[in-house]
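*Asks:* Structure below; questions to follow.
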Amino acid sequence: MYVLAIANQKGGCGKTTTAVNLSASLAQIGKKILVIDFDPQAHASTGLGYDPDKIEQSIYDVLSSLSQSKTNLDSILKEVNSNLYLAPSSILLSTLEQELTDEIGRETRLWDAISRMQTKFDYVLIDCPPNLGFLTINALRAANEVLVPLEMSFFSFNGVNQLLDIINLVRERLNHNVDYRILMTMFDSRLQYSYQVQDAIRERFGDKVCRTIIHVNVKLREAASQGRPALYYDKYCRGAKDYLSLARELISRIEPPEPLSKGWTPKNRISKSSPKIGRDMPARTVEFIFPDPEAKEVFIAGDFNGWRVNEDAKLEKRNGVWVKSMTLPPGRYRYRFVVDGRWVDDPNNPMKEKNPYGELDSLLNIG
């Protein structure tokens, strides 16, 4: 079980939007997901279709010592769909810090509740409140990683620096190491300013920045007003596709790739000589080419590498085109390019097939 806290003390950065839509995307891929709404405003609960005023028990009743409806985390779970569950919030959550002022170990209340949970999940996503108080510290203590949504504004840098100070404090005072990643949100590709901020973010945070970028998309707001993730509202919209890309990136970074099954291989277009892999599996050297001289970085992900986007999947720029060679056993492969955070099919390969998310995968048959 991997616990991901989504936090930023600055409001309006897409924190709850990310919690709602990333969880739905992970569930769509087949992962079992729990969203813990840890914000007293309960926006994540609303975004997943539950009215907080009509919920009898919430995360407050799990963590509070004074609640007359004291319960455990399993008992409050609400099913959004077969793979996605919600632990709803309540306005009473805002009183929790005062209630637990004199309690020993109050910073680990949430982690204790998660660790005692009987229901098994692949990922737990915690939607934190827009501040760096007691609730956020509880979330950081429970998390393996913090995802920090950062909108395209130079003012947003200040909030991140303060959050990183709190992460260091959790490491020193609570003896808990938690990693972090920066997610660029509300990116408007029509504005040169967005690209300037993007360059500054990548320069400041380096490999801690997610390769996926969340673009400005009105469907994300429309879906939120309907109490639904964008994937359930309009799965072909830009917002839904961005968060599916983010889900794939998260999985590829955290989970080891599955070994290649016999008879299945990657997809591309240019095959060369045939070295040997194993005893009786002749392989082909395949050259993947992506023609975009303006791109800053290009990766390839597919069946052959577990859809992982990492340094091993990076293409090299040669004379204005991006190139990578791979030696692959015979079979049939799906693949896509990741160009500056955007997942795209191969423009030079006419062999394509629609995937479950309404996008096109390129296909390669070898042998």
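Values quoted throughout were computed directly from the atomic coordinates according to the rules given, and no laboratory measurement underlies them. Just so it is clear, the model here is predicted, and its values are computed rather than measured. Don't worry about glycine lacking a Cβ; one is built from the backbone with ideal geometry, like all the others, and counts go over all protein chains shown.
*Asks:* Describe numerically, in nm with one decimal, the distance between label points set 7 Å from Cα along Cα→Cβ at Thr101 and at Asn175.
*Replies:* 2.8 nm
*Asks:* Within a 10 angstrom radius of the beta carbon, how do Asp51, Asp242 rank from fewest other beta carbons to most?
*Replies:* Exposure proxy ranking, most exposed first: Asp51, Asp242.
*Asks:* From Cα pairs below 8 angstrom and at least 6 apart in sequence, can you work out the relative contact order of region 2-254, rounded to a whole percent?
*Replies:* Value for region 2-254: 26 percent.
*Asks:* What share of all Cα pairs of region 270-366, in percent, falls into each consecutive 10 Å distance bin?
*Replies:* 16, 48, 30, 6, 0
*Asks:* Could you list the square roots of 5 times each eigenvalue of the Cα gyration tensor of the chain, that is, the equivalent ellipsoid semi-axes, sorted largest first and rounded to whole Å?
*Replies:* Over the Cα atoms of the chain, the semi-axes work out to 40, 22, 19 Å.
*Asks:* What percent of all Cα-Cα pairs in region 7-142 falls into each 5 Å bin, going from 0 up to the bin containing the maximum distance?
*Replies:* Histogram of Cα-Cα distances, whole percents per bin: 2, 11, 22, 25, 22, 12, 4, 1, 0.
*Asks:* Would you mind ranking Leu169, Leu231 by Cβ crowding within 10 Å, fewest neighbours first?
*Replies:* Leu169, Leu231
*Asks:* Which value, in debye to the nearest 20, describes the size of the charge dipole of the chain about its Cα centre when Lys and Arg Cβ atoms bear +1, Asp and Glu Cβ atoms bear -1, and nothing else is charged?
*Replies:* That gives the chain a dipole magnitude of about 1460 debye.
*Asks:* Could you list, in their original order, any pairs among Lys15/Lys208; Lys317/Lys354; Lys208/Lys296 whose Cα atoms are separated by more than 22 Å?
*Replies:* Table pairs above 22 Å Cα-Cα are Lys317/Lys354.
*Asks:* Antiparallel DSSP bridges in the chain: what percent, to the nearest 5?
*Replies:* Antiparallel bridges: around 55 percent, rounded to the nearest 5.
*Asks:* Give the order of Ile366, Ile55 when sorted by the count of other beta carbons within 10 angstrom, beginning with the fewest.
*Replies:* Lowest count first: Ile55, Ile366.
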